[in-house]
1. When only alpha-carbon atoms are used, what values of Rg and Dmax, in angstrom, describe the chain?
2. Taking θ = phi - 60°, what integer Hz values does the Karplus form 6.51 cos²θ - 1.76 cosθ + 1.60 yield along region 184-201, in sequence order, with x for Gly and Pro?
3. Using a 10 Å cut-off on Cβ atoms, rank the peptides 325-336, 297-308 from the highest mean neighbour count down.
4. If you line up the long axis of helix 49-64 against the longest principal axis of the chain, both from Cα atoms, how many degrees apart are they, to the nearest 10?
5. Hey, can you grab everything whose amide H is under 5 Å from the amide H of Gly152? Only 5+ residues off in sequence or another chain; H modelled, so Pro and N-termini drop out.
6. With labels modelled as points extended 7 Å from the Cα through the Cβ direction, what inter-label distance (nm, one decimal) is found for Lys237 paired with Phe292?
7. I'd like the FRET efficiency for Lys29 and Thr78, computed as 1/(1 + (r/R0)^6) with the beta carbon distance as r and R0 of 41 Å, rounded to 0.05.
8. Can you tell me how much longer the chain between Lys270 and Val2 gets when fully stretched, taken as 0.36 nm per residue apart minus their C-alpha distance, in nm with one decimal?
Amino acid sequence: MVEVQKTVVSRTKQIVEQLEKTKISLDRKTKQLKLLHNISETLTLQLDIRKLLTSVIKLISQKTSTEKISVMLIDKKTKLLRIKAAKGVTKTKIKTVKFKIGEGVAGWVAREGKPVLVKNVLRSHRFKNVINEKEKRQLICVPLKVRARTIGVISVEEKVGGLAFTKDDLTILTTIGYEAAIAVSNALLFDEVQQSYFYTITALVKAMEAKEPYTQGHSDRVKKYALSIAREMRLSKENIELIKRFGALHDIGKIGIPLRILNKPDKLTKEEWKIIKSHPRIGVTIIETIDFMKLAKPIILSHHERYDGKGYPMRLRDKKIPLVAKIFNVADAYDAMLSNRPYRKAFNKEYALVELAQCAGTQFDPRIAKIAIKVFKKLDG
Ligand SMILES: [Fe+2]
């Protein structure tokens with residue numbers, strides 16, 4: 001009887017232990033699934049490559065508690081690995097660090113397409129031939145792989161509090177690497193599509209300018225003037241980027257204006273002016289069908305609105321006019337004064353600057369006109 005009891009107790013103990021192990025394993029699997037869900041939710045919808053890489057860094061920092069993180073991508077032309085986003089890495093390092101495929105731990109991971117956890121790089125047999133002093137002693141490096149192609153690597157060094165990296169850290173990072181690779185690849189593709197649209201539209205602007213000799217180079221110059229004013233005004237990164245990308249397209253709507261009107265050497269009739277004034281709206285109809293170009297709408301639609309509400313096409317007044325459009329209004333007028341027109345010769349710089357000052361508060365936002373005058377005085381020519 002005692003024997004039977006002993007056996008039952010021992011068996012029960014075994015079952016409890018077994019259950020305990022299964023629970024731990026299930027907990028771990030649930031944790032991994034939650035992590036995977038969390039990662040794909042954070043990364044897959046992001047198409048802006050910069051924002052995406054920032055999210056990747058944030059995610060790695062949260063999940064692995066590391067101080068030093070770099071996301072490197074393989075440059076398509078040079079085939080070198082370069083840091084595209086980082087945490088805890090100096091700006092100089094971000095600019096200068098580059099690895100050939102096969103060079104260093106990062107290069108090895110890029111070539112082999114396998115993740116590694118290196119406890120001590122200097123003692124590692126595998127890396128004794130590939131290490132260089134840029135790399136620390138303890139690190140995890142995982143590939144960014146899309147199908148069989150490696151597009152970059154994630155490298156982490158130095159865990160918070162000097163702790164050692166574990167296999168769990170390696171699993172987490174490999175999972176993040178897997179999801180991040182798909183997201184990065186999508187974002188890069190999206191970027192390429194955007195670029196090709198952008199080049200097409202820019203080519204159209206150039207073609208338009210070529211037919212209208214008086215405005216050659218106008219679109220680019222106005223963009224540069226607007227950019228100088230915006231920088232002086234310390235506009236947000238987003239607005240600066242907006243001007244850089246779309247500034248040269250502000251007059252894209254002129255494609256729809258007959259050349260006999262654009263190049264007419266005599267005074268325009270009322271009817272012809274009406275047609276010229278339709279170019280902002282024509283511009284909007286051109287870009288409206290292309291999703292990412294909708295961002296350019298404020299510049300294209302409102303660059304002829306005036307501070308006093310006497311502009312076109314909507315006669316908007318002061319605060320109703322988008323800030324970037326107000327800047328373009330000043331930049332556009334300045335370049336127009338400095339250019340020859342079919343009906344008059346170009347004015348000189350001094351005259352143009354006096355005009356800007358005189359029209360501050362009527363045509364131009366006085367604050368922007370004041371800054372523009374300061375900026376243009378410093379510019380050559
Ligand atoms: Fe215009």
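The values are calculated or read from the model by the stated rules, or taken from the named source; none is laboratory data. Small disclaimer: the values here were computed from a predicted structure and weren't measured. Heads up, the Cβs are rebuilt from the backbone with ideal geometry, glycines too, and the neighbour counts pull from every protein chain shown. The accessibility values were calculated without ligands, DNA or RNA, using every heavy atom of the protein model including side chains. Shrake-Rupley method; radii C 1.70, N 1.55, O 1.52, S 1.80 Å.
1. 30.3, 120
2. After applying 6.51 cos²θ - 1.76 cosθ + 1.60, I find 5, 4, 4, 5, 5, 5, 4, 4, 4, 4, 4, 4, 5, 4, 4, 5, 4, 5 Hz.
3. Values: 325-336: 24.9, 297-308: 22.4.
Taking the mean over residues of other Cβ atoms within 10 Å, the ranking is 325-336, 297-308.
4. Between helix and principal axis, roughly 20 degrees.
5. Those lying under 5 Å, H to H, from Gly152 are Ile74, Leu144.
6. 1.7
7. Details: r = 42 Å, r/R0 = 1.01.
Between Lys29 and Thr78 the formula returns 0.50.
8. Details: separation 268, 0.36 × 268 = 96.48 nm, distance 11.39 nm.
Using 0.36 nm per residue and subtracting the Cα-Cα distance, I get 85.1 nm.
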